[in-house]
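The values are calculated or read from the model by the stated rules, or taken from the named source; none is laboratory data. These figures come from a predicted structure and were not determined experimentally. Heads up, the Cβs are rebuilt from the backbone with ideal geometry, glycines too, and the neighbour counts pull from every protein chain shown. Ligands, DNA and RNA are stripped out before the accessible areas are found, and what is left, the full protein with its side chains, is counted by its heavy atoms. Shrake-Rupley method; radii C 1.70, N 1.55, O 1.52, S 1.80 Å.
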Amino acid sequence: MKDVVIKGKVIRRELFIYLACLVVACLLNVYAIATYSDTTWKELYSVWYALLPVSLLIYVLTVPVRLAGLGLWKLVRPLACRKCAR
Amino acid sequence: MKKNVLSRRDFLRECGLLGVAAMAASYPWLDALSEEKQQATTGEKVRLGMIGPGSRGQYHLNFLVRNPKVEIVWLCDIYQPSLDKALEIAPGAKTCKDYREVLDDPTVDGVYVVTPLDTHRQITVDAFRAGKHVFCEKSLSHTLADSKAMYDAHLETGKVFFVGQQRLYDPYYLEAIRMIEEGTFGPIEGIKTFWYRNNDWRRKVPSPELERQINWRLYREYSCGVMTELACHQLQLGTWIYKDIPETVMGSGAITYWKDGREVEDNVNVIYTYNDGRRISFESIISNKFYGLEEQIMGNLGTIEPEKGKYYFEKTPPMPGFLRMINDLEKDLYGNISFAGPSWDPEIARRNHGEFLLGKKRPGGNDGSGYLNDAFVEAVITGKQPPMIAEEGYYSTILSLLGQQAMDEKRIITFPGEFKIDYNYK
């Protein structure tokens, strides 16, 4: 069985993407606090138990999107490179 | 040995009663426990006799022997093993088998009557006539007439009369009543009480001829079973909260599980209806303990469960906005998919964790009995009867006996006028 090596660069990238997902979740929280009635700004931190799983969900949802994007890029890259080469 | 979890000062502070004025205004029967009144009786000593120091009597003895104002001078019981156990708690006391020896002792100030119910009237009335103050365990008696005779003797002689209704001295109940009277829960619309157990309620009997003497609670000659032993505690809340007595009583009871020769029901349900339609109900099944014991006091704005030490408001704070947004998203995503299902949402009891009365979890082992005993001692010293104590004890007994009568006669009983007393509800 081959050893799988995950480079530090990849880990850093994924962490960065997860952090971005967490920021998105926090922004959604801000939106909910501002939009719904009977809320308090204390909810910015008091719903941490919901923010973490939602941010994870957003991160997981980025995977097929990124895979699709990667696939598309692989299709389009030869055409784009041919143009660059000219 | 059980100890009061709260010290006297803590108890007063918890009930917001450190000042005499606060005490007198809110709970006049607690007046004797104020710091000022306590200091006024420092150095005084009362001489008490205990008649019938079985398990409940020994429980009270454990509090009394710790009170420096008390000297236990007599222990009286016809059952030697109970006497022996009581002597271990109060070793200096004299013993006898005839309660009249205790009453004939001129140095005795007060007596505890902790015998089976059928003997309460004789001993209590004799004690009053002998000039003794009386603490009688609940229920007063197993008949309406005897209970009235005991209360009348108290009025006639002017002697102090306490009944073993410890909820009147339980900080959690006091706090619940305070919040109710302040209108925190709105008008109280109903009180549901229940007491479930799963045991045969029997005590070990060393020989068959002692069966009725030791397991007296199971025989109608001496007791009305769960009504006089359990219900009377909880029914007392009806008078305390509604500040009234019910107009009618109905009930149903039977021996459904413990068919062992007992004469009292093991499965009862009784409803007391007041003239404005509100009710207090009592149910007890002693072959299932899942729901335990509780009084559910239901107001328009909230509910109190004093045994758990909690209260719950009808209106609960809304969910955080973020969770509501997720819920709305889910509804939008799945709401348009049709499945066979109900077209209405049932009103299911809400999951509401509530708040603690007095701001903290109710500790075990403190049911107000310690303060009740202290209050009796203070009353014997001063000779002053606190308001409400005798009347609440009297009516709780009458209500429990009327419930028994409703079950026996299988009809709706109207509260009999001859058993109403002149009671100025606080």
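Tell me the accessible surface of B:ASP98 in square angstrom (1.4 angstrom probe, heavy atoms of protein chains only), to the nearest ten.
Probe radius 1.4 Å; accessible area of B:ASP98 about 60 Å².
Of the accessible area of the range B:113-222, with the probe set at 1.4 angstrom, what percent is carbon plus sulfur?
The C+S portion of the solvent-accessible surface of the range B:113-222 is 48 percent.
Quote the relative contact order of chain B in percent (integer), defining contacts as alpha-carbon pairs under 8 Å separated by 6+ residues.
Result for chain B is 20 percent.
Once both labels are modelled 7 Å past Cα along the beta-carbon direction, what's the B:TYR196-B:LEU301 spacing in nm?
Going by the 7 Å Cα→Cβ label model, 3.2 nm.
Let me know the shape class of chain A, please: from the alpha-carbon gyration tensor, a ≥ b ≥ c as square roots of the eigenvalues, rounded when a/c is under 1.5, otherwise prolate if a/b is greater than b/c, or oblate. Present the calculation step by step, with values, prior to reporting the outcome.
Details: a/c = 3.61, a/b = 1.99, b/c = 1.82.
Prolate shape, in that a/c is at least 1.5 and a/b is the bigger ratio.
Starting from 0.36 nm per residue, how many nanometres of slack lie between B:GLU294 and B:GLU209 once their C-alpha separation is accounted for? Please report the intermediate quantities before stating the final value.
Working: separation 85, 0.36 × 85 = 30.60 nm, distance 3.63 nm.
Full extension of this stretch gives 27.0 nm more.
Rounded to the nearest 5, what % of DSSP beta bridges with both residues in the protein assembly as shown are antiparallel?
55 percent
Take B:ARG279, project a point 7 Å from its Cα along the Cβ direction, then tell me which residues of the range B:211-245 have their backbone nitrogen under 16 Å from it.
B:235, B:238
Report the extension gain between B:LYS315 and B:ALA254 in nm, rounded to one decimal, defined as 0.36 nm multiplied by the number of residues separating them, less their alpha carbon distance.
In short, 18.0 nm is gained.
Which semi-axes, in whole Å and largest first, does the equivalent ellipsoid of the protein assembly as shown have when worked out from the alpha carbon gyration tensor as the square roots of 5 times its eigenvalues?
In descending order, the three semi-axes are 64, 26, 24 Å.
Within the range B:290-306, list the residues whose amide N lies under 18 Å from a label point set 7 Å along Cα→Cβ of B:PHE356.
Output list for this probe position: B:304-306.
Quick one: net charge of B:LYS289's neighbours, Cβ under 14 Å, K/R +1, D/E -1?
Once all neighbours under 14 Å are counted, the net charge is -4.
Write down the Å³ per residue value for the convex hull defined by the alpha carbon atoms of the range B:112-198. Could the numbers behind the result be given before it?
Working: hull volume 13.6 nm³, N = 87.
Here the figure is 157 Å³ per residue.
Relative to the Cα centre, what is the charge dipole magnitude of the protein assembly as shown, using +1 at the beta carbon of each Lys and Arg, -1 at the beta carbon of each Asp and Glu, and rounding to the nearest 20 debye?
Working: 64 positive and 63 negative charges, 776 e Å.
Computed about the Cα centre, the dipole is about 3720 debye.
I need to check one value: relative contact order of the range B:212-331, counting alpha carbon pairs closer than 8 Å and at least 6 residues apart, in percent.
Relative contact order, the range B:212-331: 15 percent.
How crowded by other chains is A:45-53, given as the mean number of beta carbons from other chains within 10 Å of each beta carbon?
Other-chain Cβ atoms within 10 Å of each residue's Cβ, averaged: 2.
Could you give the nm distance between label points at A:MET1 and A:PHE16, where each point is 7 Å from its Cα heading toward the beta carbon?
The modelled label-to-label distance comes out at 3.2 nm.
When you look at the Cβ of every residue in B:323-334, what mean number of other chain Cβ atoms sits within 10 Å?
What the average comes to for B:323-334 is 3.
Rounding to the nearest 10 and keeping the result within 0 to 90°, find how far the Cα-based axis of helix A:48-85 lies from the longest principal axis of chain A.
The angle comes out at about 20 degrees.
Can you pull the one-decimal nm distance between simple spin-label points at A:TYR45 and B:ASP422, each 7 Å off the Cα toward Cβ?
6.5 nm
Charges only on Cβ, +1 for Lys and Arg, -1 for Asp and Glu: so what's the dipole of the range B:180-263 about the Cα centre, in debye to the nearest 20?
For the range B:180-263, the charge dipole is close to 460 debye.
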